[in-house]
Amino acid sequence: MINNIVKFIFQMIRKNFLFRKLTSKYFVFTSLLFIFLTPFSCQNLSGNITVDFQKNKQVHSMVGFLHFNNIRKLEPHLKQLKPKYWRFRWMDDSTEAVNLLIKNGIIPIIVLSDKYGYPDNLGKNWKTPLKSDEYKETVKYIYSKLGNRVIYDIWNEPYMSGFGGFSSEDFFILFKEIHDLIRSRPGGHDALITGPSFEELNRYEIENFFKFCNDNNIRFDILSWHEWRNEGDLKNMSSDIYWVKNYLLKRYPKIGIKKIVLTEIIHANIQFSPTQVFKVYDTLEKDKIDGACRGCFFESEEVINCENNSITGLLDQSGNPRSIWWATKLYSQSTENRVESKATLDDMISFASYDKNNGYLLLANNYKQTIKNINVIFKLKGLPLFKNNKKLKIYLYKIPNTEKDILKFPIFVYTKFETVKNGTLNLEIKDLAPQELLYIIVK
């Protein structure tokens, strides 16, 4: 329809002399801009979701965190959020922390360089680890305490000035020295090493790193970098991940990469937004990343959520949950028995799952406008627990984006019975507000 309107306007421009007299370049540009943009800005968004409980999906959870002050105090959250990885620095009680994490099914990642320190926190007292044995002694000590129960991250963001500002050559040499040291320790042949923990994925730099590792008999197990892209950059991120999997890892198999874990994700600008975080999680799931850890940032001049035991900002300073805490909890739950769900809109994100009692759907509107008249189709034949039911009870909750404010519980919207016909249940949702998350329970 829009194409036909544009063709008509151009015909009028060619045929009508008076119209041509009026068409300055500015007038033509603004008119056409109005024609293209008006239908999209004014039109109502609507969409459909189909959930098929017969089609199970194996997915990797993207829930993981960075740092803590007292992991013992966070144990109730470990059981609810169920992170897959937790990346942190060595502290005096790290052995106890590692034991607690492993007990709760969480894989610890130790950032070795955090213990040694950086120009950012040591200032003039910092010295390059290449000119003394101090860093090697630090690594020996940590390895003697933790052995093969953790993943060792050799150096954090090596090219950033605050974290060392190494040249490529110096970082490669340092990585080899620490790699060789770990491999030489008792049991070190089987130790899990990750790297290079670059601050971003640069194809040129990471391939040079792989060439060096390949030529110098470096074998590390888990490829990691920090991935801050979101929104419009996600397609480029997926393209880079495809390149890593289908070119880089296949060209250098001797290095022995078994997994890709993005050890810092979620940009500061979106850290509190459930729907924008879900968009990143959904993209990384589709890219078949093995896991990730959420980054941490300053929330204000006084508050940094790396240091206040807030689980990278999921809790406020008093330990109360924000909306992002609830979203993370429900997303994590959805990864255990995930089933296929398909949406007709790109930025309407859905995660469907089930347990022995209920079916579940998380539905997120990542648009800046309301989605109206959403038709949700639940295909129930795959779930024996719904086999003989003619009516099912629906519970609907919503989770708005509260940013840094707390949300004590998801907001109850309604409960009602819906009829099952031929193994299918249809649910109509009148509207879903921008940046809002719905949680639906089929009981």
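Considering (1) of a type in the set (Lys, Arg); (2) surrounded by 19 or more Cβ atoms within 10 Å (Cβ to Cβ); (3) out of contact with any Pro (no Cβ under 9 Å at 6 or more places or on another chain), the lone condition that Arg87 does not fulfil carries the number (3). Can you confirm whether segment 163-182 contains a residue that is among the small types (Gly, Ala, Ser), assigned to a helix (DSSP H, G or I) and farther than 27 Å from Trp126 by Cα? Looking through segment 163-182, none of the residues is among the small types (Gly, Ala, Ser), assigned to a helix (DSSP H, G or I) and farther than 27 Å from Trp126 by Cα.
Which numbered condition in (1) part of a helix (DSSP H, G or I); (2) in contact with a Gly (Cβ under 8 Å, 6 or more places away or on another chain); (3) among the β-branched types (Val, Ile, Thr) is the only one that Val261 fails? That leaves (1) as the condition not met. As for segment 193-210, it holds no residue that is touching a residue at least 60 places away in the same chain (Cβ under 8 Å), assigned to a helix (DSSP H, G or I), under 30 Å from Lys103 (Cα atoms) and in the same structural domain as Gly291 (by TED's automatic domain parsing). The helices (runs of 4 or more DSSP H) falling completely within segment 45-138 that include 1 or more residues that are at pLDDT 95 or above and among the hydroxyl-bearing types (Ser, Thr, Tyr) map to 94-103, 112-116. If I ask for residues that are without any contact (Cβ under 8 Å) to a residue 40 or more places away in the chain and part of a helix (DSSP H, G or I), which ones from segment 267-311 would you list? Hits for segment 267-311 are Ala268, Asn269. Scanning segment 220-240 for any residue that is in contact (Cβ under 8 Å) with a residue 24 or more places away in the chain, on the phi > 0 side of the Ramachandran plot, of a type in the set (Asp, Glu) and part of a helix (DSSP H, G or I) turns up at least one such residue. In the set Ile142, Ile173, Ile106, Ile178, only one residue is on the phi < 0 side of the Ramachandran plot and under 25 Å from the mean Cα position of the chain (by Cα); that residue is Ile106.
Note on segment 142-182: residues that are more than 23 Å from Asn99 (Cα to Cα), of a type in the set (D, E, K, R) and surrounded by fewer than 20 Cβ atoms within 10 Å (Cβ to Cβ) amount to 5.
One line per residue, one yes/no per condition, for (1) crowded, with 18+ Cβ neighbours inside 10 Å; (2) in contact with a helix residue (DSSP H, G or I) (Cβ under 8 Å, 6 or more places away or on another chain); (3) among the aliphatic types (A, V, I, L, M):
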| position | (1), (2), (3) |
| --- | --- |
| Asn388 | no, no, no |
| Tyr397 | yes, no, no |
| Asn401 | yes, yes, no |
| Thr415 | no, no, no |
| Gly423 | no, no, no |
| Lys443 | no, no, no |
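The values are calculated or read from the model by the stated rules, or taken from the named source; none is laboratory data. Quantities reported herein were computed from a predicted structural model and do not represent experimental measurements. Heads up, the Cβs are rebuilt from the backbone with ideal geometry, glycines too, and the neighbour counts pull from every protein chain shown.
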